[in-house]
Number of protein chains: 2
Amino acid sequence: MTSKIPGFPARAVITEVGPRDGLQSEPVFVATDDKIALVQSLLDAGLRRFEVTSFVSPRAVPQMQDAAQVMAAFRDRRDAHLTALVPNARGAAAAIEAGVDAMVLFASASESHNQKNVNRARAASFQGFGEIAQMADGTGVALQGAIATAFGCPFEGPVALQAVVDQARAYADLGMRHITLGDTTGMATPALVIERVQALAAAVPDVEIALHFHNTRGVGLACAYAGLSQGVRHYEASIGGLGGCPFVPRATGNVPTEDLVYLLHESGVETGTDLDALIASAAQAERIIGRELPGQVMKAGPRLKTASMDSVRTANG
Amino acid sequence: MTSKIPGFPARAVITEVGPRDGLQSEPVFVATDDKIALVQSLLDAGLRRFEVTSFVSPRAVPQMQDAAQVMAAFRDRRDAHLTALVPNARGAAAAIEAGVDAMVLFASASESHNQKNVNRARAASFQGFGEIAQMADGTGVALQGAIATAFGCPFEGPVALQAVVDQARAYADLGMRHITLGDTTGMATPALVIERVQALAAAVPDVEIALHFHNTRGVGLACAYAGLSQGVRHYEASIGGLGGCPFVPRATGNVPTEDLVYLLHESGVETGTDLDALIASAAQAERIIGRELPGQVMKAGPRLKTASMDSVRTANG
């Protein structure tokens, strides 16, 4: 079985980031039981990789104060790969204790965004990563790296390709074999995706690259198309499009998982997930947060769900 | 100057369909002066091709009752190419009288959608087209063809490639040199775009193919990417995403012009338009219809519009 589009991989892997990236952006704390039910429904829909929570200070990020409880609900699922965002050694200790499969360490490719996001210089971030790598050593917990603002910085504008390549090399030197390029504020474009993916394939050939896009400027799935055209297999997405863009009040954020799956399945790329079940999960996410999510397929349904001729008005093509 | 993405054309042409396709979907009549001001602002933004109105029965479609007045405001603009939708001989007479550059004739590739949309069989539609072609002969007014439901039918489901090819051949036999594939209800996918574009390039090589996508299932710009990868230069779009999907209450419709232009410019494809001016036009369209439009770039702005570090909260990548 091959994909229907030249260059596309036959199979793609999705890491669901809604429970962490999405729910962390919500203004209020989402009940632990609701989080667990959402992850369970996503597991039932066939997803197997989750950025499930974040081991951060409950004072700074109260939304993630139940990180250990959420992990406890799923740590015995042998078929699920669970990661958590870890900002520092204290978070790493908690994440290892909680039984994550991998810790996601993150820094921005631009200095000012790193400063704003984690209140320290990039060099200080990497010093901290070295300490966490020592803690992880021998525990069986892997390290993954996320490069925020990999396609542009809301404060500085363009982000040099070299900064991204250097950061990927630094991650690889810490032993990471999985690196995500984060389109933190929706500045990725297909041309930048192709440029950066090709450069990383040359610079860190043993590393699996994952792509995480925001639909802030409408081109999230066009960027995924660009990644697929380069053979990239791994994407991060958020059910229903959970998680907004902190920079633009009316703008949307993460690419919705079910919209990405729709694109993949229609392109002949297998994902192991069930689109109808994902649509139901997206509706569940809407109920949990109590407002409309930006996902499109969750509203329109799969393309071959036919309508009754009596049910619609038309408007001349 | 070449594009930044292999296979993409160096330059693309956009036909703005918001004044017709968009405003015709509005529940209320938009004042003629507002329509004219919107088209003027789009001209000022650099757009040069417009599906500007529809010569239909004012009883059936009151939104377009001012077709002749809107045409009169722009018919002397030598640098603008103005088309109008024409459903029958009466409309054709009015369109020719009003001075359109081309009449757009339309039929669906699926029988049941044609029946629902224009209340006649496809064969009857084509018989009418023959009469209109005779009327147009010698007037200098060109004919263009639109194939609705070219990627799927909301009533029948899949639409056979052969039906689309046959319809394109029939249009070509009527002398048409410009045919639009219409994604009437958001059922286009990149794989279908590639398949149909390649088939038409072989079947009607002298015809320019234009693509018209809806973002109903989130993949409108991914479909445009697929078209661009095949070298297709001509796209239809609607400012701000004016025009909904009559089949799905919460779903979006036409691909927003400014989002498409953003994708094109960032891919190194010239359009002759000014993105900032288009964003202003999209805001104008929002004011005219009095509600939020689905365009994304109009909310987020161009990607290198940097923010102040004091103006934002962040959420750890």
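General observations
- Residue list for region B:161-173, filter: under 17 Å from residue B:126 (Cβ atoms) and either within 14 Å of chain A (Cβ to nearest Cβ) or surrounded by 23 or more Cβ atoms within 10 Å (Cβ to Cβ) (or both): B:164, B:167, B:168, B:171
- The helices (runs of 4 or more DSSP H) located wholly in region B:243-317 that include 2 or more residues which are among the β-branched types (Val, Ile, Thr), within 26 Å of residue B:228 (Cα to Cα) and at pLDDT 95 or above occupy B:257-266.
- Restricting B:261, B:219, B:193 to residues that are within 17 Å of residue B:148 (Cβ to Cβ), hydrophobic (A, V, I, L, M, F, W, C), within 12 Å of another protein chain (Cβ to nearest Cβ) and within 18 Å of the chain's Cα centre (by Cα) narrows the list to B:193.
- The set of residues from region B:205-216 being buried (at least 24 other Cβ atoms within 10 Å of the Cβ) and either more than 9 Å from chain A (Cβ to nearest Cβ) or not hydroxyl-bearing (Ser, Thr, Tyr) (or both) comprises B:211, B:212, B:213, B:214, B:215.
- Looking only at residues in region A:269-311 that are of a type in the set (A, V, I, L, M, F, W, C) and under 28 Å from residue B:116 (Cβ atoms), the one that is surrounded by the most Cβ atoms within 10 Å (Cβ to Cβ) is A:298.
- One residue stands out among those in region A:144-158 that are buried (at least 23 other Cβ atoms within 10 Å of the Cβ) and out of contact with any His (no Cβ under 8 Å at 6 or more places or on another chain): the one that is farthest from residue A:234 (Cα to Cα), which is A:152.
- Taking strands (runs of 3 or more DSSP E) as the structural unit, those lying wholly within region B:20-137 and holding at least 3 residues that are touching a residue at least 60 places away in the same chain (Cβ under 8 Å) and crowded, with 23+ Cβ neighbours inside 10 Å correspond to B:81-85, B:102-108.
- Selected residue [touching a helix residue (DSSP H, G or I) at 6+ places or on another chain (Cβ under 9 Å) and farther than 22 Å from residue A:309 by Cβ] from B:109, B:37, B:121: B:37
- Residue in region A:13-27 that is farthest from residue B:222 (Cα to Cα), counting only those that are within 14 Å of chain B (Cβ to nearest Cβ) and among the hydrophobic types (A, V, I, L, M, F, W, C): A:23
- Exactly one residue out of A:150, A:237, A:224 is at pLDDT 95 or above, within 14 Å of chain B (Cβ to nearest Cβ) and assigned to a strand (DSSP E or B), and it is A:237.
- The numbered conditions (1) away from every other protein chain (no Cβ under 11 Å); (2) under 19 Å from residue A:48 (Cβ atoms); (3) of a type in the set (Val, Ile, Thr) are all true for residue A:96 except (2).
- Enumeration of residues in region A:253-307 that are touching an Asp or Glu at 6+ places or on another chain (Cβ under 7 Å), of a type in the set (A, V, I, L, M) and more than 25 Å from residue A:8 (Cα to Cα): A:282, A:288, A:289, A:293
- The single residue among A:164, A:159, A:193 that is of a type in the set (Val, Ile, Thr), at negative phi and touching a Lys or Arg at 6+ places or on another chain (Cβ under 7 Å) turns out to be A:164.
- Within region A:230-265, being in contact (Cβ under 8 Å) with a residue 12 or more places away in the chain, of a type outside the set (A, V, I, L, M) and within 15 Å of residue B:189 (Cα to Cα) holds for A:258, A:259, A:262.
- Extreme residue, nearest to the other protein chains (Cβ to nearest Cβ), among residues of region B:174-183 that are out of contact with any His (no Cβ under 7 Å at 6 or more places or on another chain) and part of a loop (DSSP other than H, G, I, E, B): B:176
- For region B:153-167, a tally of residues being in a helix (DSSP H, G or I), of a type outside the set (A, V, I, L, M, F, W, C) and touching a residue at least 40 places away in the same chain (Cβ under 8 Å) returns 1.
- Residue within region A:189-209 that is touching a Leu at 6+ places or on another chain (Cβ under 8 Å) and in a strand (DSSP E or B) present: yes
- Among the conditions (1) farther than 22 Å from residue B:53 by Cβ; (2) within 14 Å of chain A (Cβ to nearest Cβ); (3) of a type outside the set (Lys, Arg), the only one that residue B:86 does not satisfy is (1).
- Single residue of region A:173-187 satisfying the filter (polar (S, T, N, Q) and modelled with pLDDT under 95) that is nearest to the chain's Cα centre (by Cα): A:184
The values are calculated or read from the model by the stated rules, or taken from the named source; none is laboratory data. Note that the structure is predicted; figures quoted are calculated from it, not measured. Quick reminder, even Gly has a Cβ in these numbers, built from the backbone with ideal geometry, and neighbours come from all protein chains shown.
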